[in-house]
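One structure below.
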Amino acid sequence: MGYGKGETIRVGIIGCGGIANGKHIPGIQAIEGVEIVALCDIIVEKAEKAKERHGLTNAKIYQDYKELLKDESIDDVQICTPNRSHSFITIDALEAGKNVMVEKPMAINAVEAKKMLDTAKRTGKALTVAYQNRQKPEMRYLRDEVAAGTFGDIYYAQATAIRRRGVPTWGVFMNEYEQGGGPLIDICTHSLDVTLWVIDNYKPKVCFGKTFHKLSQLPSELQGNSWGGWDPEKFTVEDSAFGMCLMEDGTLIRLETSWALNTTHNVPEGRTTICGTLAGADCVESDLRINGIRDGRPYVETITCKPSRGAAYFDGVGDEDIKIREQRVWYNYLRGEGELFVKPEQAYVVSQILEGIYESDRTGKEVILG
Ligand SMILES: NC(=O)c1ccc[n+]([C@@H]2O[C@H](COP(=O)([O-])OP(=O)(O)OC[C@H]3O[C@@H](n4cnc5c(N)ncnc54)[C@H](O)[C@@H]3O)[C@@H](O)[C@H]2O)c1
């Protein structure tokens, strides 16, 4: 992308809420040669607060992202706004000559995601989607093992993200218009992304699914949510969704997700389960388990991917924080080193499948994707 080794890459952050403060800004600050020079939020105090919190003394503050995009010295923007605005801000930024990292999901639906993809191709600017779970050591290890043939023919996978009670009650997460959906587009998007990436299969054929607005309608005494209660009238997205996607090569992927479900089976987002003819794999906390049959007996191997706790307790290879790694691989790519890690074409397929499940729920029929 034409940056010299010693050249500073100048970055603008659009949307200064939870993910910008918790992931993007500290991630970028750890990368040498990259500087956050602008912060934008429609609630300008949030941009001011982020500037102060992260010591970004030279950053300019904007309320309107279009004004930020006029600054020709800005090379790259990171878009951390709610889902609905991912597409139009990305498109405007690419047209303004910026490279873009946009938060997940890529867009509110597949049509918008396709527009983003087409704009990136036409403008020649780089576009990536912030699916940081791919950076986890266990996911990278698993992908390498799949590529090495450890699992044989993989014909079934599960993309699961289930919270017993974990409804994000801040911001606009429960608002259908702003977000395009609930846990399916919010957290299952991570699990589906890592599943497709690990098995390297981006050809969906048909999908079917059902969403539910059940626990979202419960009165406050039955909510018991980890992030506080909600107003059922304002909870316009689904609380749970379940579906299947059949891929062109016959692989079946099951999707299961919820922000609130009467279950004891919590499964954090950004994990996968895969089943092949020679072996299978799933994730437990930050470890990866590989199962199979050896010498006629079932085995389970645990691949430890927990971060190292230092020399005194050394129990394996440490790994870079995923929020830093996400930024490192992105800026390395912009400097001409390595491949684009999360390709927009891949994120677009995630959007297609998620939308297929929503569409199937609306029509009660299967949705043909390929
Ligand atoms: N990768 C992850 O694991 C992860 C985790 C949480 C959130 N996210 C994604 O990040 C995005 C934001 O989530 P959040 O938790 O930070 O929400 P948030 O509500 O905390 O922050 C969003 C911010 O964007 C601002 N904003 C809204 N519209 C804007 C616009 N047009 N221009 C400039 N600023 C605007 C809001 O005022 C708010 O400060 C969502 O798309 C969400 O899916 C990703």
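The values are calculated or read from the model by the stated rules, or taken from the named source; none is laboratory data. Here the structure is a predicted model, which means the values were calculated and not measured. So basically every Cβ, Gly included, is an ideal-geometry build from the backbone, and we count neighbours across all protein chains shown. Side chains included, ligands, DNA and RNA excluded: accessible areas come from the protein's heavy atoms. Shrake-Rupley method; radii C 1.70, N 1.55, O 1.52, S 1.80 Å.
Miscellaneous remarks
- Scanning segment 12-44 for residues being aliphatic (A, V, I, L, M) and in a strand (DSSP E or B) gives a total of 7.
- The criterion of being closer than 21 Å to G270 by Cβ and open to solvent by 10 Å² or more (accessible area, probe 1.4 Å) holds for Y156.
- In segment 315-370, the residues that are among the β-branched types (V, I, T), assigned to a loop (DSSP other than H, G, I, E, B) and modelled with pLDDT of 95 or more: V342
- Filtering segment 139-151 to residues that are open to solvent by 10 Å² or more (accessible area, probe 1.4 Å) and farther than 20 Å from P204 by Cα leaves R140, Y141, D144, E145, A148, G149, T150.
- Residue count for segment 1-34, restricted to those that are touching a strand residue (DSSP E or B) at 6+ places or on another chain (Cβ under 6 Å) and open to solvent by 70 Å² or more (accessible area, probe 1.4 Å): 1
- Scanning segment 160-200 for residues that are in a loop (DSSP other than H, G, I, E, B), open to solvent by 40 Å² or more (accessible area, probe 1.4 Å) and more than 12 Å from the ligand (Cβ to nearest atom) yields R163, R164, D200.
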